[in-house]
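The values are calculated or read from the model by the stated rules, or taken from the named source; none is laboratory data. Bear in mind the structure is a predicted one, so any value in this text is a computation, not a measurement. Glycine gets a Cβ as well: all are built from the backbone with ideal geometry, and neighbour counts include every protein chain shown.
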Amino acid sequence: MAIDLSLQDKILEEDFESVESDGLRLKDFYGSSFLITGSTGLIGSLMVKTLLYYNRKYDLKIKIYAVVRNIEKAKSVFSQESDNTALSFVVTEDLGSGNFEFSDKVDFIIHTAAITNSKEMVTFPVSVLVSAFNSTDSLLKIARDNNASMVYLSSMEVYGNIEKNEMTDEKSLGYIDLSSVRSCYPESKRACECLCNAYSAQYGVNVTTARLAQTFGAGILPTENRVFAQFARSVIDGNDIVLHTNGLSEGNYVYTSDAIRAILILLKKGKYKEAYNICNPASHTTIIEMARMVAHNIAEDKIKVVIDIPSDSMKYGYAPNTKLFLDNTKLCSLGWKPQVGLEQAYRKLISWIKVQ
Ligand SMILES: NC(=O)c1ccc[n+]([C@@H]2O[C@H](COP(=O)([O-])OP(=O)(O)OC[C@H]3O[C@@H](n4cnc5c(N)ncnc54)[C@H](O)[C@@H]3O)[C@@H](O)[C@H]2O)c1
């Protein structure tokens, strides 16, 4: 199918424009250089595209070093930027080897690279842990040596199991079962956060942690297969939404452009050694409620929600049921406010997938 690039651009342009609000001034990054890992991933690619958008808008002279594993994929994700000298790809086979080095001067580092696929988490748990730790160590060394500010992308999964009915702030860590294979992911995030804080304490590195809720929106890649993409495709294809769990896990969500703005605010205003939840409390819901909202409000009841739990469901690596309502007060105190709710997020996501 031919890609309607202008429509794609239009959808993203609205999102890019919304990044510059809540006191964030992109002009404050004039002349800066960014090192962004995971640049072909969802958040990395949108971060790169957002900065390039503002480079064009204000002639900011920002330089972006986009760390990627697969150069062909990178050229395809950034196909419209092939002549853009502001963007350079830094190709590394595996950031997790711990041997990643970077010799150019860098002012800001955004470390998004990580294994995020649940199936991979239960198949290669050692890689999830070792790769996360080694890659973060390499990036922190670069931050230290350049006196750069860094944001590390962690996850709400660090909270583990919280059995309380109040909102969860950054200090309230819950229980994680270390004997569960799937715990490699939240534990890798905890270990990396701890490593960030260790670099701050020992070397004075200015690194802040962003604990993201489930983040999605326009800009996903055609290969994206997380639950939000599956729900959106069900609407487009007119297929029922099939849940492979009972869907009772409480979800915390945030729209991509809201998350991008939060990360940039953290680069400027985040306190080092501190973690910040990034979530939109208005989007808090259970998986099953979200599925029903999508089927009813978006698909206008032309599809329904079906629960079909496979007998071997463990091997898919679904995160355990959690009861978590993230508190975003700390991030809001820096001026950030979420702008896009769940229903609008799905509408934007679906518009995007339709023109992919
Ligand atoms: N999107 C979300 O809902 C969400 C929620 C919570 C936390 N996060 C965190 O935010 C970060 C970005 O998430 P995303 O949604 O963009 O993920 P993504 O899967 O879309 O992108 C991750 C990127 O990391 C790269 N990567 C993975 N292992 C690598 C390695 N060993 N060497 C080099 N590159 C490697 C991948 O190639 C990919 O480009 C991740 O750290 C993730 O854990 C994301």
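General observations
Residue-by-condition table, conditions (1) in contact (Cβ under 8 Å) with a residue 40 or more places away in the chain; (2) within 11 Å of the ligand (Cβ to nearest atom):
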{"residue": "83", "(1), (2)": "no, no"}
{"residue": "90", "(1), (2)": "yes, yes"}
{"residue": "93", "(1), (2)": "no, yes"}
{"residue": "96", "(1), (2)": "no, yes"}
{"residue": "107", "(1), (2)": "yes, no"}
{"residue": "125", "(1), (2)": "yes, no"}
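- Boolean, residue 257 is within 14 Å of the ligand (Cβ to nearest atom) and touching a Gly at 6+ places or on another chain (Cβ under 9 Å): yes
- Count - residues of region 161-171 that are closer than 18 Å to residue 281 by Cα, surrounded by 13 or more Cβ atoms within 10 Å (Cβ to Cβ), at pLDDT below 95 and not β-branched (Val, Ile, Thr): 1
- Residue within region 314-335 that is polar (S, T, N, Q), within 30 Å of residue 109 (Cα to Cα), surrounded by fewer than 17 Cβ atoms within 10 Å (Cβ to Cβ) and out of contact with any helix residue (DSSP H, G or I) (no Cβ under 6 Å at 6 or more places or on another chain) present: yes
- In region 244-257 there is no residue matching the filter, namely being closer than 30 Å to residue 192 by Cα, surrounded by fewer than 16 Cβ atoms within 10 Å (Cβ to Cβ) and in contact with a Leu (Cβ under 9 Å, 6 or more places away or on another chain).
- Test: residue 250 is under 19 Å from the mean Cα position of the chain (by Cα) and away from the ligand (no atom under 16 Å from the Cβ): no
- Residue count, region 341-350 (criterion: farther than 27 Å from residue 174 by Cα, hydrophobic (A, V, I, L, M, F, W, C) and buried (at least 22 other Cβ atoms within 10 Å of the Cβ)): 2
- Against the test of being out of contact with any strand residue (DSSP E or B) (no Cβ under 9 Å at 6 or more places or on another chain), of a type in the set (Asp, Glu) and either over 22 Å from residue 269 (Cα atoms) or part of a helix (DSSP H, G or I) (or both), the options 120, 163 yield a single qualifying residue, 120.
- Helices (runs of 4 or more DSSP H) enclosed by region 258-356 - at least 2 residues per element that are under 17 Å from the mean Cα position of the chain (by Cα) and over 24 Å from residue 162 (Cα atoms): 342-354
- Residue count for region 172-199, restricted to those that are under 22 Å from residue 253 (Cβ atoms), of a type outside the set (A, V, I, L, M, F, W, C) and more than 11 Å from the ligand (Cβ to nearest atom): 5.
- Evaluation of residue 182 against the conditions (1) farther than 21 Å from residue 262 by Cα; (2) exposed (fewer than 15 other Cβ atoms within 10 Å of the Cβ) shows that the sole unmet condition is (2).
- Residue count for region 184-202 under the criterion of being in contact (Cβ under 8 Å) with a residue 60 or more places away in the chain and either among the aliphatic types (A, V, I, L, M) or over 19 Å from residue 126 (Cβ atoms) (or both): the result is 7.
- Number of the exception - residue 117 against (1) modelled with pLDDT of 95 or more; (2) under 17 Å from residue 220 (Cβ atoms); (3) within 11 Å of the ligand (Cβ to nearest atom): (1)
- Residues that are under 16 Å from residue 106 (Cβ atoms) and among the basic types (Lys, Arg), drawn from region 117-148: 141, 144
- Residue count for region 205-218, restricted to those that are near the ligand (Cβ under 10 Å from one of its atoms) and not in a strand (DSSP E or B): 2
- Whichever residue in region 37-80 is in a helix (DSSP H, G or I) and more than 20 Å from residue 260 (Cα to Cα) and, among such residues, is farthest from the ligand (Cβ to nearest atom): 80
- Where residue 176 falls short, out of the listed (1) surrounded by fewer than 15 Cβ atoms within 10 Å (Cβ to Cβ); (2) free of Cβ contacts under 8 Å to residues at least 24 places away in the same chain: (1)
- Residue ID - surrounded by the most Cβ atoms within 10 Å (Cβ to Cβ), chosen from residues in region 123-160 that are of a type in the set (Phe, Trp, Tyr) and farther than 21 Å from residue 47 by Cβ: 159
- Candidate set: region 77-93, residues that are within 22 Å of the chain's Cα centre (by Cα), surrounded by fewer than 17 Cβ atoms within 10 Å (Cβ to Cβ) and modelled with pLDDT under 95; chosen: the one nearest to residue 128 (Cα to Cα): 93
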